[in-house]
Each structure stands twice: as structure tokens, then as C-alpha cells.
1. Can you tell which of 8, 83, 57, 50 is under 30 Å from residue 117 (Cβ atoms) and in contact with a Gly (Cβ under 6 Å, 6 or more places away or on another chain)?
2. Before we move on, is residue 131 touching a helix residue (DSSP H, G or I) at 6+ places or on another chain (Cβ under 8 Å) and either within 24 Å of residue 92 (Cβ to Cβ) or not in a helix (DSSP H, G or I) (or both)?
3. State all residues of the range 73-85 that are modelled with pLDDT under 90 and either charged (D, E, K, R) or not in a loop (DSSP other than H, G, I, E, B) (or both); if no residue qualifies, say none.
4. Considering each residue of the range 6-21, count those that are hydroxyl-bearing (Ser, Thr, Tyr) and within 17 Å of residue 57 (Cα to Cα), and give that number.
5. Residue by residue through the range 38-72, note down the ones that are over 21 Å from the mean Cα position of the chain (by Cα), exposed (fewer than 13 other Cβ atoms within 10 Å of the Cβ) and outside any loop (DSSP other than H, G, I, E, B).
Amino acid sequence: METLIKRTTKEDQKIAIRSLQGFQVVSQRIKSSRKKGIKMKVQETGEFITIPKKALTLLSAIIQNMAEGKTISIVPSNSEVSTQQAADMLNVSRPHLIKLLESKKIPFKKVGSQRRILLKDMMEYKEKLAKQREIQLDFLSNQAKDLNLGYE
């Protein structure tokens, strides 16, 4: 499967907003079901399709993001991303990402002159970074409390 990136149009956003609450209610009811597949009816054709229960969770997340007007990206977990894609996902500049790669903070391989990063390696780095930020924020918060700087 290729990486899919679709920009959410204003019309898509309006439809997602209208359908979001109802979809979430139905999704919650279905989560408690023991069945692994979900049978859905396509109203326009009258046909029934069965999808995995996990796909319903993904669909809910997609609709939520579309309602917020966000661009949707679906990337298979075993796929590789380019340096620009990785920089966009980490919300950093491409030159900064290349510094991270060259300092071996994120594993990568070269295909010709192109650097390729496994999505799982990039996501592990992102989680590690989030944990480090959380630790530092806790430290600063505790330090502010100890110094009576007026933060509760």
C-alpha cells in the first residue's frame, strides 16, 4: 500500500462535522460487541460490506480529523518515508531532520543518494521526544512550585 495524503476540502469538513457525533455514538455501541467484523450498508447501492472492527476505529479518527479540517495521511507502518515527509511529520525543517539522521538519533538507510527512514523508527523517535518533553515540563513545574513562583 502506498502512502495516501488527502487534503480535506471545506465541503468534506462540513460533511464530517455533520456525521461525527452520530458516527461516534454508533462506534461506541459497536466497540462492546464481541464480533471481529462490522457489517455496513452502503445506502446509495443498497449493498452490505463487512469491515474489520479495527477499521471502524480508524474511520472514526479520520472523520474526527476531517471535521477539524486537517489533512489526512495514511502510511503503512512498514513503509519508508523521505526526509521531507519525516520532517513534516515531526514538524521540523528538513535540514534539522538531516542533522538528527547524521547524528544517528534516528536510524536511516541510503538508497542511491536518497535517505529513507522507516516509519516505525521515526515514530519511536517522536514518542521518545514526547516523553523527554514531559519529564522536562514536570521538572520545571516542580521547580516553580518549590520556588513559590505563583504556579499552582
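The values are calculated or read from the model by the stated rules, or taken from the named source; none is laboratory data. The model shown is predicted, which means the values in this text are computed figures rather than measured ones. No Cβ is skipped: glycine too gets one built from the backbone with ideal geometry, and neighbour counts run over all protein chains shown.
1. So the residue among 8, 83, 57, 50 that is under 30 Å from residue 117 (Cβ atoms) and in contact with a Gly (Cβ under 6 Å, 6 or more places away or on another chain) is 8.
2. It is false that residue 131 is touching a helix residue (DSSP H, G or I) at 6+ places or on another chain (Cβ under 8 Å) and either within 24 Å of residue 92 (Cβ to Cβ) or not in a helix (DSSP H, G or I) (or both).
3. Listed by number, the residues that qualify are 73, 74, 80, 81, 85.
4. Count: 1.
5. Within the range 38-72, 39, 41, 42, 47, 48, 49, 50 qualify.
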